Structures are given as C-alpha cells and as structure tokens.
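Here's the structure we're looking at; comments come further down.
Nothing in this text is a laboratory measurement; each read-out follows from the coordinates by a stated rule. Just so it is clear, the structure is predicted and the values come from calculations on it, not from any experiment. Using ideal geometry, Cβ is built from the backbone for each residue, glycine included, and neighbour counts are taken over all protein chains shown.
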Amino acid sequence: MLSQITPQEYEKFKRFLEKACGIVLGEGKQYLISSRLTKLLRDEEIASLSELMTLVNSHFPRSASLRDTVIDAMTTNETSWFRDTTPFICLDKVVFPELSERTNKQYRIWSSACSSGQEPYTISITLSEYLMDSGAGKRLNAEIMATDISASMLNEAKTAEYDESILGRGLSTDRKKKFFIEKPDGIRQVTSEVRNRIRFKEQNLLESYASLGKFDIIFCRNVLIYFSAERKSDILNRMALSLNPNGYLFLGASETITGYCDAFEMIRSPHGVFYRLKS
Ligand SMILES: C[S@@+](CC[C@H](N)C(=O)[O-])C[C@H]1O[C@@H](n2cnc3c(N)ncnc32)[C@H](O)[C@@H]1O
C-alpha cells in the first residue's frame with residue numbers, strides 16, 4: 001500500500017487532480033488515492049505521493065505520460081448499455097422523429113464522456129432501431145463523436161469488442177443477436193453498421209471544444225457529478241455554445257442544469273426529462 005499520505009500531500013494531490021481533469025476529491029478520500037495508485041507507484045519505483053507530484057510537474061521526458069496514467073487511474077469509468085433507459089426512449093420517441101422531419105442534413109451527436117464505448121454504441125443502436133421501426137419513409141443521418149479524457153478507455157471503445165459479463169449489463173438477447181457479431185472466446189463485436197457512425201477522439205472537458213465543431217445533440221452523463229459547481233457551470237455554458245439552434249442536451253439521472261446554466265429549457269416528455277437550447 002501507498003505509505004501514509006500527509007495532509008500536505010493530500011492537499012497538493014487534490015489541487016493537481018482538480019486542475020488536470022476537474023475531479024474534486026472530498027475530505028477523507030486518502031483510501032481512494034491509495035487503492036488506485038499503489039500499483040503504479042510500485043511499478044514506477046516511486047516512494048511517495050510527494051515524489052509522484054514532483055515528477056508529474058517536472059519536465060522529464062515521461063512526465064506527460066505519467067500524468068495521464070495518474071488521471072486514468074483516478075477517473076471512474078463505470079458505464080453500461082442503455083444506462084438509465086429513458087434517454088434512449090426519448091431519442092427514439094421524441095428527438096429522432098423531430099430531427100427527421102426538420103431537414104435531410106447529417107446531424108451530429110456528441111457522447112462527451114464515453115468511457116469504454118457503451119454510450120455511443122447505444123445511441124447508434126437506438127438510431128438503427130429507429131430507422132428499422134419507422135419504415136422506409138423515414139430518413140435520419142447522424143454522425144456520433146465519442147470523446148473521453150482517458151486514452152485507455154478510448155482504445156477499449158475503439159475495438160468494439162466485449163465479453164459476456166460486460167454485454168450482460170443492459171443488453172437483451174435480441175439486441176446482442178442483431179447488433180453484434182460473434183468472435184472466438186465468448187467475445188462479441190459491434191456490427192460495422194453501428195460502428196461506422198462513430199468517431200472517437202481524446203478530449204478533456206476542461207479544454208476548448210472548438211476543434212469538435214457544432215452538434216445537434218450532446219450527451220454529458222455521469223461525469224459532471226465529479227466536478228465543482230464552477231466547472232459544471234463553465235462546461236454546460238460552453239456546451240450550449242457548441243449546439244446548433246434547437247439542439248438537445250442529455251444529462252445523467254442524478255445531474256441537473258439548475259443553478260449552473262440558463263441557456264436550456266427543460267423538456268418533460270412522458271418518457272423522461274432532457275434539455276433543449278433556448279431560442
Ligand atoms: C462514470 S463514466 C460515464 C460514462 C458514460 N457517460 C455513462 O454515463 O455511462 C465517466 C467518464 O468521464 C471521463 N472523464 C472524467 N473526467 C473527464 C474530463 N475532464 N474530460 C473528459 N472526460 C472525463 C472518465 O474517463 C470516464 O470515462
């Protein structure tokens with residue numbers, strides 16, 4: 001285990017983490033640092049948290065990759081297929097029908113903390129199902145940009161390969177059959193039709209979104225909960241600027257814009273709550 005963390009080391013690490021990726025460590029979270037960083041420190045032969053902080057803040061050649069590894073270890077990557085269900089019903093029943101009546105353009109959807117890929121693949125599956133169910137008359141063309149701060153999560157997401165224990169978290173047998181192909185050793189890979197709509201890119205939510213372009217729908221779920229009120233407000237306001245007129249925003253089940261951003265109106269559909277950019 002990581003040896004005793006002093007109050008000074010804890011404060012310094014908290015400041016580093018908040019500045020690097022927005023995550024606010026509350027009081028008494030030393031055990032979290034210890035459980036997530038002990039192996040890294042052992043493998044890198046780093047004796048203490050102070051030494052780690054000195055290394056990540058220095059200019060030695062590996063400091064950038066060490067910094068990324070620390071951030072990777074400290075982020076929570078918990079996710080699942082069709083997580084919370086209602087956002088995807090809202091897409092299918094409200095947002096997709098509305099977009100397909102607007103124009104024929106290619107819409108753009110941003111999954112802004114995509115973890116190991118379940119969220120963007122679920123959005124793409126929902127679109128495939130919408131197009132299958134709505135008959136030949138409906139057209140909806142969309143590109144999905146999936147981003148995360150974690151390079152290792154993005155690498156997992158890009159393979160689009162999952163084992164049974166991961167597939168079991170939220171996917172019906174029918175969806176597994178329709179949208180995955182079987183590979184050896186109990187692995188299944190997302191079909192190319194579902195994969196081809198998605199592009200993956202590394203993006204820290206604290207940094208500029210200018211290079212991503214504009215979107216029609218943004219998913220920002222289960223990441224703002226880790227951030228301070230100031231960061232939440234900044235991110236939501238910058239996301240509002242990244243949306244085209246009448247664009248939509250989906251947050252996680254325990255997240256809200258109330259008190260952080262007034263650029264959106266709440267849509268209370270019979271299927272769930274989401275947000276639309278005010279006109
Ligand atoms: C709990 S997962 C949520 C995944 C998915 N959105 C969902 O709801 O199932 C949080 C993700 O946020 C990412 N994350 C944390 N801080 C970030 C930041 N500053 N910029 C971009 N992504 C970040 C983590 O790497 C992790 O993959």
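Taken about its Cα centre, segment 86-277 carries a charge dipole of roughly 420 debye when the Cβ of each Lys and Arg holds +1 and the Cβ of each Asp and Glu holds -1. The residue list Ser152, Tyr162, Asn244 was ranked by how far each Cα lies along the charge dipole of the chain toward its positive end, using unit charges on Cβ atoms, and Asn244 comes out on top. Give, to the nearest whole percent, the P(r) tail of segment 208-279 beyond 20 angstrom, counting all Cα pairs. Every Cα pair in segment 208-279 considered, those over 20 Å come to 22 percent. Counting only alpha carbon atoms, the long axis of helix 30-43 and the longest principal axis of the chain meet at about 80°. Only one residue of Ser50, Ser111, His271 has its Cα farthest out toward the positive end of the dipole of the chain, where Lys and Arg carry +1 and Asp and Glu -1 on Cβ, and that residue is His271. Relative protection proxy for 210-220, 7-17, from highest mean packing down: 210-220, 7-17 (other beta-carbon atoms within 10 angstrom). Ignoring lysines fewer than eight residues from Lys138 along the same chain, the ones with Cα atoms less than 22 angstrom from its Cα are Lys93, Lys105, Lys178. Extension gain, Arg42 to Thr173, is 42.9 nm, computed as 0.36 nm per intervening residue step minus the present C-alpha separation. Explain nothing, just the number: relative contact order of the chain, from Cα pairs under 8 Å at least 6 residues apart, as a whole percent. Reported relative contact order: 18 percent. In this rough spin-label picture, where each label sits 7 Å from Cα along the Cβ direction, the Ser233-Leu131 distance is 4.2 nm. Straight-line reach from Lys29: taking Cα to Cα under 20 Å and skipping same-chain neighbours fewer than 8 places apart, the lysines in range are Lys12, Lys14, Lys19, Lys39.
Tell me the mean residue ellipticity at 222 nm calculated for the chain from its helices only (DSSP H runs of n ≥ 4, each -39500 (n - 2.57), averaged over every residue, nearest 500).
Rounded to the nearest 500, the figure is -12000 deg cm²/dmol.
For Asp163, project a label point 7 Å along Cα to C-beta. Then give me every residue of segment 56-99 with its amide nitrogen under 14 Å of that point. No residue passes the distance filter.
Short to long, the 5 Å bins of the Cα pair-distance histogram for the chain hold 1, 5, 12, 15, 16, 15, 13, 10, 7, 4, 2, 1, 0, 0 percent of all pairs.
Between Leu32 and Val273, residue separation times 0.36 nm minus the direct Cα-Cα distance comes to 83.5 nm. The DSSP beta bridges internal to the chain are antiparallel in roughly 40% of cases. What the Cβ-Cβ distance of Glu11 and Lys183 gives, at R0 = 41 Å and to the nearest 0.05, is a FRET efficiency of 0.30.
Hey, could you get me the Stokes-Einstein D for segment 7-74, Kirkwood radius over alpha-carbon pairs, 25 °C and 0.890 mPa s, rounded to whole µm² s⁻¹? Answer from the Stokes-Einstein relation: 203 µm²/s.
As a ratio to 2.2 N^0.38 Å, the alpha-carbon radius of gyration computed for segment 108-233 takes the value 1.12.
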